[in-house]
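Colleague: Take this structure, written in structure tokens, and hold onto it; I'll ask about it next.
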Amino acid sequence: MKGTGVLRANADFRRYWLSTSLSTLGSQLSLLAFPLLVLSIGGSAAQAGVVATCSLVTRTVLRLPAGHLADRLDRRLIMVGCDLVRLVALASIPLVAGLGQLGQAQLLLVAVVEGAASALFAPAATIAVRDVVPERDLTEALSRSQAAVASTSLIGPFLGGWLFTVDPILPFAVDAGSYAVSALLLLRIATRPAPETAGAERDNRLTAGLRWLTRQRALLAAMFFAAGINVVSAAAQTTMVVSLRQSGAGGTAIGAVMACAGIGALLGAAVAARLIKAIPASRLFLLIGTVWALGLAVFSTTSDPWTIGPVLVVVVFFSPPAGIVVSRAVLVLAPRDLLGRVSTATGLMMAGLASLGPVLAGLFVDSLGSSTTWLALAGTAAVVTVLSAVPLLRETSLDTDTGTDTKADTETKADTDDGDAPAGLVPAPGKKTGGT
């Protein structure tokens, strides 16, 4: 079956995919367990929030420096090093707990260290997929990765909560183990990118990725769309919980409705490659934005979980293709020596504004009510879609090209078995120059 080709035929991508999937699942396990553990050892709700906030702030602050390092150093070794750092950090929790010395300070330190290592890991992992996957298979490979993220996001918190009920330390031990297996898989990746062209000039500025992005009209329009939908999505999560609670829905019903978003993301990722191949990027974004606007408008008319849940599945179903189109465009269009900084700049621009969503949603619900807030979010989705789709209708650079491979594809073609790297691949030098 063609849909499973990249996982079946490309051994290095299989190792990469398993590695990142395990790392993501481990992180999801501890995501819920961290605040629960803080509370279980006598911490307050505010202290539990501080742990999560410090981890997020660390990741945000280190985004651009992490991309810069990914452009200059061996990305595979960066990923292995980050996994080992996270292994030691997470393993310290069961070790110190066994000695009876676990406290708030250590949990805060572990959260910061894991956040820093995750920030460094992310751009290297984004770039690594370009090193092991030829251009013609990128859409399918990104779809597989998106499906893995959706799956782990759906089952991770539930599994983490169950492990915590068995033993509060167990989620952290499993998380540490996931990083150990991930590092071993990464070490087995044989494919290396081509060496840097002798005498080639490179831009070593920290802001080089942002500078390159400002010259990409089509990609900027796509990023504007993704950033706008991300803000709406983040605001919609808060609005959903508050509006359902105000209507009398219980915790189980709210949890079931929110799980529908994960189901929609998983189903959407599974068919994303087909949608992207069948529909030009500009029309695909128009479709996604229209579905979001209509779905949010429906939410303004009802608070029935049995209605909201299925609609939420449909709304989120069309979202993964948009992220895959942007990711693929970055991987294909960005210069090799800027990929790390471009990927982190892209993530910063698309996700940075999303942090404002929950705050804005809370203010709107308090002052205007849930129905008006849903209509405002629907209108925002519609405006963002129109503003971004108009320039995209004049561009075709974001559309997939499945006809031929580029020279870079030939140089980075991954092996088709579990042996050594294929002929034509040059072993990586001491430092790598490419990126995501």
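Colleague: All but one of (1) assigned to a loop (DSSP other than H, G, I, E, B); (2) modelled with pLDDT of 80 or more; (3) within 23 Å of the chain's Cα centre (by Cα) hold for Ala183, so report the exception by its number.
Modeller: Here Ala183 clears every test but (1).
A quick yes/no check of all residues on (1) over 16 Å from Gly26 (Cβ atoms); (2) assigned to a helix (DSSP H, G or I); (3) in contact (Cβ under 8 Å) with a residue 60 or more places away in the chain; (4) not hydrophobic (A, V, I, L, M, F, W, C):
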| site | (1), (2), (3), (4) |
| --- | --- |
| Val113 | no, yes, no, no |
| Ser118 | no, yes, yes, yes |
| Pro123 | yes, yes, yes, yes |
| Thr126 | yes, yes, yes, yes |
| Val129 | yes, yes, yes, no |
| Leu142 | yes, yes, yes, no |
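Colleague: Go through segment 1-52 and report how many residues are modelled with pLDDT under 80 and not in a helix (DSSP H, G or I).
Modeller: Residues meeting the conditions: 3.
Colleague: Cβ-Cβ distance below 6 Å, separation of 6 or more or different chains: which pairs start in segment 154-173 with a residue that is over 14 Å from Ser27 (Cβ atoms) and end on one that is outside any helix (DSSP H, G or I)?
Modeller: Filtered contacts from segment 154-173: no entries.
Colleague: Determine if segment 342-359 includes at least one residue that is among the β-branched types (Val, Ile, Thr), closer than 18 Å to Gly228 by Cα and over 19 Å from the mean Cα position of the chain (by Cα). Before the answer, list the steps.
Modeller: Step one: list which residues in segment 342-359 are among the β-branched types (Val, Ile, Thr), which gives 342, 344, 346, 359.
If we keep only those that are closer than 18 Å to Gly228 by Cα too, we end up with 344, 346, 359.
Filter again for over 19 Å from the mean Cα position of the chain (by Cα), leaving 359.
The answer is yes, given that some residue of segment 342-359 is among the β-branched types (Val, Ile, Thr), closer than 18 Å to Gly228 by Cα and over 19 Å from the mean Cα position of the chain (by Cα).
Colleague: When segment 84-102 is examined, which residues are found to be among the small types (Gly, Ala, Ser) and not in a helix (DSSP H, G or I)?
Modeller: Residues of segment 84-102 among the small types (Gly, Ala, Ser): 89, 91-92, 97-98, 100.
Within segment 84-102, Gly100 is the sole residue that qualifies.
Colleague: A follow-up question, please. Taking the condition among the small types (Gly, Ala, Ser), within 18 Å of the chain's Cα centre (by Cα) and surrounded by 23 or more Cβ atoms within 10 Å (Cβ to Cβ), does Ser151 pass? Working first, answer last.
Modeller: Numbers: among the small types (Gly, Ala, Ser): yes; within 18 Å of the chain's Cα centre (by Cα): yes; surrounded by 23 or more Cβ atoms within 10 Å (Cβ to Cβ): no.
Considered against the rule, which asks whether it is among the small types (Gly, Ala, Ser), within 18 Å of the chain's Cα centre (by Cα) and surrounded by 23 or more Cβ atoms within 10 Å (Cβ to Cβ), Ser151 comes out as no.
Colleague: Under the condition of being among the hydroxyl-bearing types (Ser, Thr, Tyr) and surrounded by fewer than 22 Cβ atoms within 10 Å (Cβ to Cβ), which residue from segment 283-335 is nearest to the chain's Cα centre (by Cα)?
Modeller: In the first step, residues of segment 283-335 are kept if they are among the hydroxyl-bearing types (Ser, Thr, Tyr); the result is 290, 300-303, 307, 319, 327.
When the remaining residues are screened for being surrounded by fewer than 22 Cβ atoms within 10 Å (Cβ to Cβ), the result is 290, 300-303, 307.
On the way: Thr290: 23, Ser300: 29, Thr301: 32, Thr302: 31, Ser303: 30, Thr307: 28 Å.
Out of the qualifying residues, it is Thr290.
A quick yes/no check of all residues on (1) modelled with pLDDT of 85 or more; (2) within 30 Å of Val314 (Cα to Cα):
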{"position": "Gly161", "(1), (2)": "no, yes"}
{"position": "Asp167", "(1), (2)": "yes, no"}
{"position": "Pro171", "(1), (2)": "yes, no"}
{"position": "Gly177", "(1), (2)": "yes, no"}
{"position": "Arg192", "(1), (2)": "no, no"}
{"position": "Pro195", "(1), (2)": "no, no"}
{"position": "Glu201", "(1), (2)": "no, no"}
{"position": "Leu213", "(1), (2)": "no, no"}
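Colleague: Is segment 211-228 home to any residue that is among the aliphatic types (A, V, I, L, M), assigned by TED's automatic domain parsing to the domain that holds Thr302, more than 30 Å from Leu398 (Cβ to Cβ) and part of a helix (DSSP H, G or I)? Lay out the reasoning, then the answer.
Modeller: Residues of segment 211-228 that are among the aliphatic types (A, V, I, L, M), as a first pass: 213, 218-223, 226-227.
Restricting the remaining residues to those that are assigned by TED's automatic domain parsing to the domain that holds Thr302 gives 213, 218-223, 226-227.
So of that shortlist, the ones also more than 30 Å from Leu398 (Cβ to Cβ) come out as none.
Checked segment 211-228: no residue is among the aliphatic types (A, V, I, L, M), assigned by TED's automatic domain parsing to the domain that holds Thr302, more than 30 Å from Leu398 (Cβ to Cβ) and part of a helix (DSSP H, G or I).
Colleague: Among the residues that make up segment 11-21, is at least one of them over 22 Å from the mean Cα position of the chain (by Cα) and within 28 Å of Ala147 (Cβ to Cβ)? Please lay out each step first, then the result.
Modeller: Here is the first cut: in segment 11-21, the residues over 22 Å from the mean Cα position of the chain (by Cα) are 11.
Next, only the ones that are within 28 Å of Ala147 (Cβ to Cβ) stay: 11.
Checked segment 11-21: at least one residue is over 22 Å from the mean Cα position of the chain (by Cα) and within 28 Å of Ala147 (Cβ to Cβ).
Colleague: Enumerate the pairs (first residue in segment 64-83 and outside any helix (DSSP H, G or I); second residue anywhere and among the basic types (Lys, Arg)) with beta-carbon separation below 7 Å, excluding pairs fewer than 6 apart on the same chain, so at least 6 apart or on different chains.
Modeller: Pairs that qualify, where the first residue is outside any helix (DSSP H, G or I) and the partner is among the basic types (Lys, Arg), are Leu73/Lys431; Leu73/Lys432; Asp74/Lys431; Asp74/Lys432.
Every residue, every condition in (1) basic (Lys, Arg); (2) in contact with a Cys (Cβ under 9 Å, 6 or more places away or on another chain); (3) closer than 17 Å to Leu392 by Cβ, yes or no:
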position: Met240; (1), (2), (3): no, no, no
position: Arg245; (1), (2), (3): yes, no, no
position: Gly250; (1), (2), (3): no, no, no
position: Val257; (1), (2), (3): no, no, no
position: Ile263; (1), (2), (3): no, no, no
position: Ser282; (1), (2), (3): no, no, yes
position: Phe285; (1), (2), (3): no, no, yes
position: Ile288; (1), (2), (3): no, no, yes
position: Leu294; (1), (2), (3): no, no, no
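Colleague: Would you say Ala128 is closer than 23 Å to Arg336 by Cα and either surrounded by 19 or more Cβ atoms within 10 Å (Cβ to Cβ) or among the aromatic types (Phe, Trp, Tyr) (or both)?
Modeller: Working: closer than 23 Å to Arg336 by Cα: yes; either surrounded by 19 or more Cβ atoms within 10 Å (Cβ to Cβ) or among the aromatic types (Phe, Trp, Tyr) (or both): yes.
Yes.
Colleague: Hey, does segment 367-377 have a residue that's touching a Gly at 6+ places or on another chain (Cβ under 8 Å), under 30 Å from Arg328 (Cβ atoms) and modelled with pLDDT of 75 or more?
Modeller: First, the residues of segment 367-377 that are touching a Gly at 6+ places or on another chain (Cβ under 8 Å): none.
Checked against the condition, which is being touching a Gly at 6+ places or on another chain (Cβ under 8 Å), under 30 Å from Arg328 (Cβ atoms) and modelled with pLDDT of 75 or more, segment 367-377 yields no hits at all.
The values are calculated or read from the model by the stated rules, or taken from the named source; none is laboratory data. Nothing here was measured: the structure is a model prediction, and the numbers come from that model. All Cβ positions, glycine included, derive from the backbone under ideal geometry; neighbour counts span all protein chains shown.
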